[in-house]
Amino acid sequence: SSYSKALPSKEGLFILEVMKKGLQERFIEFNRKYRLATSKQRTLLTVSGGVDKVVIPHLFKQVGLPFSIAHCNFMLRGTESSEDEVFVRELASMHEVPFYAKRFDTNALAETSKQSIQMVARDIRYQWFNQLVADRENGLNRIATAHHLSDNTETVILNLVRGTGIKGLRGIPVKNGIVIRPLMFATKDEILQYAADHNLNFREDSSNTK
């Protein structure tokens, strides 16, 4: 029936249950539930400098999960982009983990491909992340993005506006191949509170206001 289709999924019910606990404890349970990362495998964390991207390496370090950090500089915001790269490099140094950075002339690539800057940025960053994992010398097994529950809500709403129907209700998957999303249980407000509680510095992307 249409009513049964609207009921929360098993994944949704699990997320509601873990929301009652502290963020670090919930992170451990969520990671274990979906088998996202292990202490025996190194995960590539994609870090731009925003609050969610700063919280995820902190959580990985706190619970003993090995990781490396990768940062894409899309060269779209002048000195602000360069400062983001320096910030993330220092973050990786603070955590004492391997760091990878790459600069892309995103505007030129968008003009050549006749695609939007957003789509080009998405494609080139995932291509690079996959190359880093494919290189066995890096010792990487998976890619973790910092998508969270609030991102998922926005995606579901956008899909509904686009008319994707019931399929669009699925939103962003917790796991898709080697790509994992360990923060999918937490809201943006909870992530901000965690950063405040642990005195974590982060950078605001001015383009997000657009």
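Values quoted throughout were computed directly from the atomic coordinates according to the rules given, and no laboratory measurement underlies them. All values derive from a computational prediction rather than experimental measurement. Methodologically, a virtual Cβ is constructed for each residue, glycine included, from the backbone with ideal geometry; neighbour enumeration extends over all protein chains shown.
Can you tell me the FRET efficiency between Gln127 and Arg77 if r is taken as the Cβ-Cβ distance and R0 is 22 Å, rounded to the nearest 0.05? Using R0 = 22 Å, I get an efficiency of 0.55.
Expected output is a single nm value to one decimal: the length gained when fully extending between Asn176 and Ala134, i.e. 0.36 nm times separation in residues minus the C-alpha distance. What is it? List each step's numbers first, then the result.
Details: separation 42, 0.36 × 42 = 15.12 nm, distance 1.63 nm.
So the extension gain works out to 13.5 nm.
Would you please put 195-204, 64-73, 118-127, 27-36 in order of how densely packed they are, using the mean number of other Cβ atoms within 10 angstrom per residue and starting with the highest? Don't jump to the answer; show the numbers that get you there.
Details: 195-204: 13.2, 64-73: 20.4, 118-127: 15.0, 27-36: 17.1.
In decreasing order of mean packing, 195-204, 64-73, 118-127, 27-36 become 64-73, 27-36, 118-127, 195-204.
What is the Cα centroid distance between the stretch 42-84 and the stretch 103-120, reported in whole angstrom? Computed from Cα coordinates, the inter-centre distance equals 22 Å.
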